[in-house]
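The values are calculated or read from the model by the stated rules, or taken from the named source; none is laboratory data. Note that the structure is a prediction, hence the values are computed from the model and not measured. Note: ideal-geometry Cβ built from the backbone for every residue, glycine included; neighbour counts use all protein chains shown. Note: areas computed on protein heavy atoms with side chains; ligands, DNA, RNA excluded. Shrake-Rupley method; radii C 1.70, N 1.55, O 1.52, S 1.80 Å.
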Amino acid sequence: MSKRTITRWYIGAWLVWVISLTALVAMAHSAPEGFGRAFVTVVMVVSGLTTLYMWVRALIKLARRHATFSFVAILLLQLVGLGIVGMVAYVLSGPDEPADYAIRPSVT
């Protein structure tokens, strides 16, 4: 999975989680218990699991590249609650992994 895909899914799931949290808080003040709260809670859980999965994928990718500083920075930022900052730093930190193939010029 590419770095671009990992960060897009992470940030997208994070935004969905924040919007769901806002909706849940709004419903807590106005609506009684019902299907809406349960649905929003399920959406929050799924988006939270998606962010967790993408975060782990990013850490695995950094570990395979032996990028120790980036690995530790993203790990610590997530653990102190600033995971979105860590993922933005991840997307800005250097190029994606090199291609697994070489393109050779044609001989004519």
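Brief remarks follow.
- Residues that are surrounded by fewer than 16 Cβ atoms within 10 Å (Cβ to Cβ) and over 9 Å from the mean Cα position of the chain (by Cα) within region 51-64 comprise I60, A63, R64, listed in sequence order.
- Some residue of region 19-33 being open to solvent by 70 Å² or more (accessible area, probe 1.4 Å), in contact (Cβ under 8 Å) with a residue 40 or more places away in the chain and not hydrophobic (A, V, I, L, M, F, W, C): no
- Residue check, A67 out of contact with any helix residue (DSSP H, G or I) (no Cβ under 6 Å at 6 or more places or on another chain) and surrounded by 12 or more Cβ atoms within 10 Å (Cβ to Cβ): yes
Conditions (1) at pLDDT 90 or above; (2) more than 14 Å from the chain's Cα centre (by Cα); (3) not charged (D, E, K, R), marked per residue:
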residue: V42; (1), (2), (3): yes, yes, yes
residue: L49; (1), (2), (3): yes, no, yes
residue: H66; (1), (2), (3): no, yes, yes
residue: L77; (1), (2), (3): no, no, yes
residue: G81; (1), (2), (3): no, no, yes
